[in-house]
1. For residue 169, which of the numbered conditions (1) modelled with pLDDT under 95; (2) outside any loop (DSSP other than H, G, I, E, B); (3) surrounded by 13 or more Cβ atoms within 10 Å (Cβ to Cβ); (4) not small (Gly, Ala, Ser) fails to hold?
2. Among the listed residues 77, 108, 61, which satisfies the condition of being among the small types (Gly, Ala, Ser), touching a residue at least 24 places away in the same chain (Cβ under 8 Å) and surrounded by fewer than 15 Cβ atoms within 10 Å (Cβ to Cβ)?
3. Any chance you could count how many residues in the range 141-172 are of a type in the set (Val, Ile, Thr) and in contact (Cβ under 8 Å) with a residue 60 or more places away in the chain?
4. Take residue 227 and decide whether it is among the polar types (S, T, N, Q), assigned by TED's automatic domain parsing to the domain that holds residue 145 and touching a residue at least 60 places away in the same chain (Cβ under 8 Å).
5. Could we say that residue 48 is under 25 Å from residue 344 (Cβ atoms) and either crowded, with 21+ Cβ neighbours inside 10 Å or assigned by TED's automatic domain parsing to the domain that holds residue 97 (or both) here?
6. Would you point out the residue of the range 191-213, among those that are assigned to a loop (DSSP other than H, G, I, E, B), closer than 20 Å to residue 78 by Cβ and under 17 Å from the mean Cα position of the chain (by Cα), that is modelled with the highest pLDDT?
7. Only one of 57, 83, 106, 72 is more than 30 Å from residue 170 (Cα to Cα) and assigned to a strand (DSSP E or B); which?
8. Enumerate the pairs (first residue in the range 121-140 and without any contact (Cβ under 8 Å) to a residue 40 or more places away in the chain; second residue anywhere and in a helix (DSSP H, G or I)) with beta-carbon separation below 9 Å, excluding pairs fewer than 6 apart on the same chain, so at least 6 apart or on different chains.
Amino acid sequence: MLKGLYLSLFLGPMVPVPAPKSVVDALVSAQVNTGGERSGFQLVFSMNKKSDLYRKLLPAGALDPMVTRVILVCTLGGTPNVLIDGIVTRHEVAPSNQAGQSLLTLTGEDLTVLMDVVQFPMLRYPCMPAIARLNLIVAKYAIFGIAPLIIPPLFDDVPLPTDKIPTQTGSDLAYIKKLASDFGYIFYLVPGPVPGVSVFYFGPDVRVPVPQPALNVNMDANTNVESLSFSLDGLAKKVVIMTIMDPITGKIPIPIPVPNISLLRPPLGARLTAPAKVEFPPDGGNKNSIEAIALALAKTGATGEAVTGTGTLNVLRYGRVLNAFQLVGVRGASSTYDGLYYVRTVSHSIKHGEYKQNFTLSRDGLISQTPVVPS
C-alpha cells in the first residue's frame, strides 16, 4: 500500500478474524460507499489454482453470502478508520486462461442488511412509545456489536391500549424507516471506532459542530482536492401546507403553513434560496394533536437543500479520511460557495498505490456564515 497508509482486512462468520496474508496480498481493489441509510462495499481479489482463495476458502464456504462478515480498516498516520463492517451478500468468480488473472468479487452491505432478512407477519407493542420500540428492535442485534444511539422524538405519543396498539408488519428495517419518516428523523450505521463495533444512530439530522479539515480548491500549492463543482437547484425547496381538523368538532379543516427551516438543522448559508413549490400533504387530517405536531416537524426536516457539491480527492494529499454525516469547510470556491457544508455521501476507491474518495456535499443557502473557514 501507500507509505503511511495500511489496510487491515477481517473475515469470518459472526466474529471476523484477521485475514491470512495471502488473502490480503491478493486484494486488487476495494470500493466502499457510505452515506444514506445503508452503506455497501465491493472487494476484488486475484487468484490462481494454487491460491488459498481457490483451494481452501471458497470450497470450505468461508466466503459464502449471508455468512461471511467483512471488516475493512484503513490506518492513516497511526489513526485507524473503520471503513465498513458488513455482510457479504454476493460473490462472483471470473476464471481466466491467463495465470493469476482469475478474479473473485465480494459484494455486500453494512450490518443493517441483517435487519431486513426476517419478514414478521405481525408484532405488537402495547403501551410502548417509539423510543422503547426502537431500543427493543436494535437490542436484538447487539450480538453483532451494534450499540444504539437513539434520540427521543420531541413529540412522542404513548397510545392507550384501548385506543391503538402499535403494530409492526414486515422487517425490522422497514419499520425503522417508517418511524424515521413519521418523525422526520434519519438513521444510519457508523462502523467503529474499533473493529467489530458499530453505532446505530436514529435521530434528527443534526450537523456536528466541529468540521473536518477544509477542502481547498483553486489555491495553487494549498489545493488538496482533485476536482470540486457546485450547483444550485431552484426547484429543491418547497413550502408545505398541512391540513388538520379543528380539535373541538373535528370537522373544520385548518391549513397550517410549515416553515421550511428546521429548528434542529439551521442553514449553513447566509443567503437562503426561496422555495419554488407548494405541497399539500394529505396525511394530516386523521391524526391527533401530538401526531400532527410530530408530522409537521417531519415535514420541516424533509425540506431540500438547494446547494450541492461533488468532487474527488486524494486521501494522502488531503491528509485524512473524509467521513460522511459530518461538516467540512470549503475554501477557494468564491465567496458565493465558500463556507461549511454537510458531507452527504463518500465513496472510497482503494487500489495498489492509490486511495481516492468521491464525495457529495449539500447545504441550504449561499455565502458563508463564518468569516473564516476552519482549516
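The values are calculated or read from the model by the stated rules, or taken from the named source; none is laboratory data. Every value quoted in this text rests on a predicted model; they were computed, and no experiment measured them. All Cβ positions, even for glycine, are placed from backbone atoms using ideal geometry, and neighbour counts span all protein chains on display.
1. (3)
2. Step by step, each of 77, 108, 61 is checked, and only 77 is among the small types (Gly, Ala, Ser), touching a residue at least 24 places away in the same chain (Cβ under 8 Å) and surrounded by fewer than 15 Cβ atoms within 10 Å (Cβ to Cβ).
3. 1
4. Here the answer is no, as residue 227 does not meet what is asked.
5. The answer is no for residue 48.
6. 197
7. 72 is the lone residue from the list that is more than 30 Å from residue 170 (Cα to Cα) and assigned to a strand (DSSP E or B).
8. Between residues of the range 121-140 that are without any contact (Cβ under 8 Å) to a residue 40 or more places away in the chain and residues that are in a helix (DSSP H, G or I), the close pairs are 128/136; 137/115; 137/172; 137/175; 137/176; 140/115; 140/172.
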